[in-house]
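Chemist: Pasting a structure here, questions to come.
The values are calculated or read from the model by the stated rules, or taken from the named source; none is laboratory data. For clarity, every value in this text was computed on a predicted model and none was experimentally measured. With ideal geometry, Cβ positions are generated from the backbone for all residues, glycine too; neighbour counts draw on all protein chains shown. Please note that ligands, DNA and RNA were not included when accessible areas were found on the heavy atoms of the full protein model with its side chains. Shrake-Rupley method; radii C 1.70, N 1.55, O 1.52, S 1.80 Å.
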Amino acid sequence: MSTTDNGPAVEIPDEPVTDEARVVTVVSPKAAIVLGLLTLGLGLAVLLGSQSGDTTYRLASRDDLFELPEVTVPVTGTAIAALVVMALCTAEALRRYLGRLRLPMWLPIVFAVVAMTGFLTWAAAGGTVPLVGLLSGSVALAVPLVFGALGGVLGERAGVVNIAIDGQLLAGAFAAALTASIVGSTWAGMLGAMVAGALVAVILGVFAISYYVDQVIVGVVLNVLVIGVTSFMFSQVLAPNAESLNSPPRLSAITIPVLGDIPVVGAILFRQTVIVYLLYVAVAVVTWALYKTRWGLRVRAVGEHPKAADTVGINVVATRYKTILLAGAIAGLGGAFYTLVSVQGFNREMTGGAGYIALAAVIFGKWDPIRATLAALLFGFASNLQGVLSVIGSPVPSQFMLMLPYVVTVFAVAGLVGRSRGPAAVGLPYRKS
């Protein structure tokens, strides 16, 4: 403490304030609330649903190197055990919130696995769950979501909000069907899909980067525009000439020798179509390029602080254009999955809003390619689960199963993502002074 003739005493700290002292840990009660609601929901379902008996999990497929035995578990005991673990996870999340401690990543992962096991066992009581088919189908359904999420990550890392992912997926699906039908080659269809996605990205760039229009508004308008254009072209061009313009060759599954014979893992990962193998490459290359190359450093600099990037000689506008073109091409390739793998031909609005789920995966994955891929796989699993439970005759109402992927998306983004901050300059147009 010191005093002066000009004023009151001034407190002088004995030690300087360090950077560590200024760090404030921000926690949110959202995770504890969501985990509690999910635990309560499963508990009510178990109590009111009165399911009993056993559920069998089939772990083998016909082409495995050796066959794994089926696993049979009691419905009541498994559901109760799952509820206990879920309650403990919820209590731990609440304790960490009250203690102002960060929620570790393993906690929601453990909760999700246990909750899904308990729900699946309860919903499939008395039936057999083809686990390999469920997981391999989840990977297949997640393909357009992962491609869209990669496009979203690249665009937003460069500072451009890519709301137009759904439009790029739909344009890619249309172009893939048309090009593959005319040329007679699936490779030509995939190339056409990439070009179509890049064209949508060009329009996004012209308005958002060059003319400073609000990026969210441009993205939404582009989605509506692509829906209108493709629907018109389908009714006026493709439908009357379906044999020649809307009958593309279909991609067939390719089994990788040795790897495809591994039980469970082989059928899930290594008996897929070529577009899935391209997806593996795309995730690895985008992750490596974004974090390990000079190009990736420039992209991230433009998305975080474009003025500083401009100061050191990086062309902000050119970098953003190049990045969103690449992002659009990747998302367009994801659209080719719909017409070359899922359905042999194009139909109106066949993406079903998958671009918005891919955007949610970007946020859930905190703008990281690997995390966004895992989030997209989660949403793909939720989509495939409704079909599997319907096939095995689950008593779960079909209306609930149809909304399951979107419920998972909302809960994941709203409650389990925690505190998430995107690139600092995302959505902000750059005007060079």
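Chemist: Express the relative contact order of the chain as a whole percentage, based on alpha carbon pairs under 8 Å and six or more residues apart in sequence.
Modeler: The value is 25 percent.
Chemist: Exposed loop trypsin sites (Lys or Arg not before Pro) only (DSSP loop, at most 16 other Cβ atoms within 10 Å): please give the longest stretch of the chain free of them, not including the sites. Could the numbers behind the result be given before it?
Modeler: Numbers: sites that count: ARG62, ARG100, ARG102, ARG250, ARG348, LYS366, ARG419, ARG421, ARG431, LYS432.
Looking at the chain, 103-249 is the longest stretch - no exposed trypsin sites (Lys or Arg not before Pro) with at most 16 other Cβ atoms within 10 Å.
Chemist: Here's something else I'd like to know. Run lengths n ≥ 4 of DSSP H only: what is the helix-derived mean residue ellipticity at 222 nm for the chain, with -39500 (n - 2.57) per run over all residues, to the nearest 500? Could you put the intermediate results ahead of the total?
Modeler: Values: 17 runs with 266 residues, N = 433.
Mean residue ellipticity at 222 nm (helix-derived): -20500 deg cm²/dmol.
Chemist: Indicate the gyration tensor shape class of region 112-167 (rounded, prolate or oblate), computed on the Cα atoms with a ≥ b ≥ c the square roots of the eigenvalues: a/c under 1.5 is rounded; otherwise a/b larger than b/c is prolate and the rest oblate. Can you show the working numbers first?
Modeler: On the way: a/c = 4.05, a/b = 2.73, b/c = 1.48.
Verdict is prolate for region 112-167.
Chemist: What length, rounded to one decimal in nm, is gained on full extension from ARG348 through to ASP368, with 0.36 nm per residue of separation minus their alpha-carbon distance? Show your work: numbers first, answer last.
Modeler: Working: separation 20, 0.36 × 20 = 7.20 nm, distance 3.15 nm.
My answer for the length gained is 4.0 nm.
Chemist: Also: Out of ALA171, ALA336, ALA91, any idea which swings most in a Gaussian network model of the chain, alpha carbons joined below 10 Å?
Modeler: Ranking ALA171, ALA336, ALA91 by mean-square fluctuation puts ALA91 first.
Chemist: In the chain, what is the count of Lys pairs whose alpha carbons are under 24 Å apart, counting only pairs at least 8 residues apart or on separate chains?
Modeler: 9
Chemist: Classify region 248-338 as rounded, prolate or oblate from the Cα gyration tensor: take a ≥ b ≥ c as the square roots of its eigenvalues, call it rounded if a/c is under 1.5, otherwise prolate when a/b beats b/c and oblate if not. Walk me through the intermediate numbers first.
Modeler: Numbers: a/c = 4.90, a/b = 2.30, b/c = 2.13.
Since a/c reaches 1.5 and a/b is larger than b/c, the shape of region 248-338 is classed as prolate.
Chemist: How much FRET efficiency would the formula 1/(1 + (r/R0)^6) give for MET116 and ALA284, where r is the Cβ-Cβ distance and R0 is 35 Å, rounded to 0.05?
Modeler: Result of the calculation: an efficiency of 0.85.
Chemist: Between ALA360, ALA301, ALA196, find the one with the highest GNM mean-square fluctuation for the chain; connect C-alpha pairs within less than 10 Å.
Modeler: So, out of ALA360, ALA301, ALA196, the one fluctuating most is ALA301.
Chemist: Can you pull the percent of region 132-393's accessible area that's carbon plus sulfur, 1.4 Å probe, other chains left in place? Before the final figure, lay out the partial values.
Modeler: On the way: 7050 of 10220 Å².
Solvent-exposed carbon and sulfur of region 132-393 make up 69 percent of the total.
Chemist: So, one more: Between ARG250 and ARG62, what FRET efficiency comes out of the Förster formula 1/(1 + (r/R0)^6) with R0 = 30 Å and r the beta carbon distance, rounded to 0.05?
Modeler: 0.90
Chemist: Report the residue, chosen from LEU35, LEU297, LEU378, that carries the largest GNM mean-square fluctuation when the chain is represented by alpha-carbon nodes joined by springs under 10 Å.
Modeler: Looking only at LEU35, LEU297, LEU378, the biggest GNM fluctuation is shown by LEU297.
Chemist: Here's something else I'd like to know. Hydropathy at least -0.5 by Kyte-Doolittle, axial extent at least 18 angstrom from the Cα trace: which helices of the chain, defined as entire DSSP H runs, fit?
Modeler: Details: long enough: 30-49 (28 Å, 2.12); 75-98 (34 Å, 1.30); 106-123 (25 Å, 1.80); 131-157 (36 Å, 1.56); 165-183 (26 Å, 1.52); 186-205 (28 Å, 1.91); 215-233 (26 Å, 2.18); 274-292 (26 Å, 1.95); 316-337 (33 Å, 1.27); 369-391 (33 Å, 1.24); 398-411 (20 Å, 1.55).
Length and hydropathy pass: 30-49, 75-98, 106-123, 131-157, 165-183, 186-205, 215-233, 274-292, 316-337, 369-391, 398-411.
Chemist: Continuing with the same structure: For VAL391 and ASN241, what is the calculated FRET efficiency with R₀ set at 45 Å and r taken between the beta-carbons, to the nearest 0.05?
Modeler: According to the calculation, E is roughly 0.80.
Chemist: Another question, if that's okay. What nm value, rounded to one decimal, do you get for the distance between VAL183 and VAL84 when each label is placed 7 Å out toward the C-beta?
Modeler: Simple spin-label model gives 5.9 nm for this pair.
Chemist: How would THR230, THR78 rank on accessible area, largest to smallest, probe 1.4 Å? Let's see the in-between values first.
Modeler: Numbers: THR230 10, THR78 30 Å².
Of THR230, THR78, the descending order of accessible area is THR78, THR230.
Chemist: Can you tell me the length gained on complete extension of the stretch GLU70 to LYS292, counting 0.36 nm per residue apart and subtracting the Cα distance? Working shown, then result.
Modeler: Working: separation 222, 0.36 × 222 = 79.92 nm, distance 4.39 nm.
Length difference between fully extended and current span is 75.5 nm.
Chemist: Return, for the Cα atoms of the chain, the radius of gyration and Dmax in Å, separated by a comma.
Modeler: My reading of the Cα-based Rg and Dmax gives 25.0, 96 Å.
Chemist: Rank TYR430, TYR291, TYR356, TYR211 by accessible area, highest first, at a 1.4 Å probe radius? Provide the component values of the computation, followed by the final result.
Modeler: Working: TYR430 40, TYR291 80, TYR356 105, TYR211 155 Å².
Solvent-accessible surface, decreasing: TYR211, TYR356, TYR291, TYR430.
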